[in-house]
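Notes for the one structure printed next.
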DNA sequence: TTGTTCTTGTTAATTATTCGACAAGAACTC
DNA sequence: GAGTTCTTGTCGAATAATTAACAAGAACAA
């Protein structure tokens, strides 16, 4: 455990960013199951990656294993949590209380990992005043004022595509540094704003493409 | 329009598969807006890709543009639909009628593009018999029989992680060729089964990572 | 102990992907 | 209709990502 990761500080490839949450998820399962140690070969076997890839990925952040032993599950999970930034809590705001917004707001997993939905907004007068995700649904008109008065880490857009860009602009205007976008449209933002897209239809179309690619 | 795509038949890089639905989405918007023609430079500008990448991506499937003109929006959209396999209809089965299942089932966009949810299953006796997505919610016990009697293209898993693998096994056993997986777990399947993962938490963790990567 | 088995982190080779540049040729201008 | 402007599809160079191989050293067995 005395070695330093050679590549610490290097730019992290896109693929590593995709795989880190997968490692986190599986390590959490292993820890719950009481598994104490695991090798890169076993991890690879379980998750369909090569062992070399897993070792290479981790080496961007440090040296967490031991020759002849592998990785201690709890220790590695702890490190991956640090890498992902899960030692802190994130405040989120949700715009859109339709079916998808409801599903996002009621998923307990986010809160459990430190992602708290602090407020919910919608434009539909029928929904305003209802309770959802432990919050009163507020009018979209109040969003700018809310962003002035509260520090928000992540803005969630769960609206139809027509509203996506304008909600995004409100978030950017209000100083929200990152956006989790479920609306099926490409958002234009300044470079410093981080956008993570979650496009259900795109995912389904990738599936269709891959079905046709073969036979 | 007489040239053949040089790379037609070559293996399609992962990145192209990710970008095709983005092109589809934007071209659909353009067509609705009545735009007739577009160049790779304009497409790139709108979607934050380089023009060269867009031309290169399309060249895997053919030559759809014209020098000095660019692409005809309707024509290119038609071609992209063909490439993605949207000329046919897909029958889907949804397992899990919780919040997320409800959101998936009630999204009209899927049906509009030819993806039909034909049946919904859940294990919760309180939900069975209720209507959802135009279907009666059936007991999970009936899934194997349903798969024997009906041709299903895509199985959707919208259950907690504990149930993910066993539902997946039922789909594979029942001859379902592809799986759209929302349950937060890695599925083990035979090589010929196509799995497309939609892990909300993973997406949120990627966002957190990127927030911490900078400051 | 001593030797054998594991398994890491790293390197170098391989493979894959992206991008700038350009010839070819259509569209547009006057 | 002659010349200029555009824009494609493709090539090769540059960049990026993955993988196989291996030295170093810990764990384990007898």
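Coordinate-derived values only; no laboratory data. Quick caveat, the model's predicted, so the values are computed rather than measured. In this analysis, Cβ positions are derived from the backbone assuming ideal geometry, glycine residues included, and neighbour counts consider all displayed protein chains.
Quick notes on this one:
- Scaling against 2.2 N^0.38 Å puts the C-alpha radius of gyration of chain B at 1.20.
- Calculated [θ] (222 nm, deg cm²/dmol) that DSSP helices of n ≥ 4 give over chain A, each run adding -39,500 (n - 2.57): -13000 deg cm²/dmol
- Chain A: most fluctuating residue of A:199, A:126, A:78 per GNM, C-alpha cutoff 10 Å: A:126
- Counting only the Cα atoms, the range A:14-84 fills a convex hull of 78 Å³ per residue.
- Cβ-Cβ distance of residue B:151 and residue A:112, R₀ of 41 Å, FRET efficiency by 1/(1 + (r/R0)^6): the value works out to about 0.55.
- Using alpha-carbon coordinates, inclination of helix B:14-32 to the longest axis of chain B, degrees: 80
- Note on chain A: with a GNM built from Cα contacts shorter than 10 Å, the maximum mean-square fluctuation among A:50, A:185, A:159 falls on A:50.
- Taking the longest Cα principal axis of chain B as reference, the axis of helix B:161-173 is set at about 80 degrees.
- Take residue B:192, move 7 Å from Cα toward the beta carbon, and the resulting point lies 5.5 nm from the same point in each other copy, nearest first.
- Percentage relative contact order, the range B:148-215, counting C-alpha pairs under 8 Å, at least six apart: 29
- Rotation relating B and A, chain A residue nearest the axis via C-beta, angstrom: A:103, 2
- What separates the residue A:10 label point from its copies, with the point 7 Å along Cα to Cβ, is 2.6 nm, written shortest first.
- Inter-probe distance in nm under a simple model that places probes 7 Å from Cα toward Cβ, at residue B:213 and residue A:18: 1.3
- Coarse-grained scattering of the protein assembly as shown at q = 0.07, 0.14 Å⁻¹, given as base-10 log I(q)/I(0) from a Debye sum over alpha-carbon atoms: -0.37, -1.52
- Helix B:73-84 and the longest principal axis of the Cα set of chain B meet at an angle near 40°.
- Using a Förster distance of 25 Å, the FRET efficiency for residue B:88-residue B:162 (Cβ separation, nearest 0.05): 0.15
- For the range A:90-203, the relative contact order comes to 24 percent (Cα pairs under 8 Å, sequence separation of at least 6).
- Computed from the C-beta positions of residue B:131 and residue A:46, the FRET efficiency with R₀ = 41 Å rounds to 0.55.
- Global size of the range B:90-203: 12.8, 36 Å for Rg and Dmax (C-alpha atoms, Rg to one decimal, Dmax whole).
- Cβ-vector label at 7 Å, residue A:214, separations to other copies in nm: 4.1
- Take the Cα of residue A:37, go 7 Å toward its beta carbon, and the backbone nitrogen atoms of the range A:76-93 under 17 Å from that spot belong to A:76-77.
- The alpha carbon convex hull volume per residue for the range B:157-200 rounds to 58 Å³.
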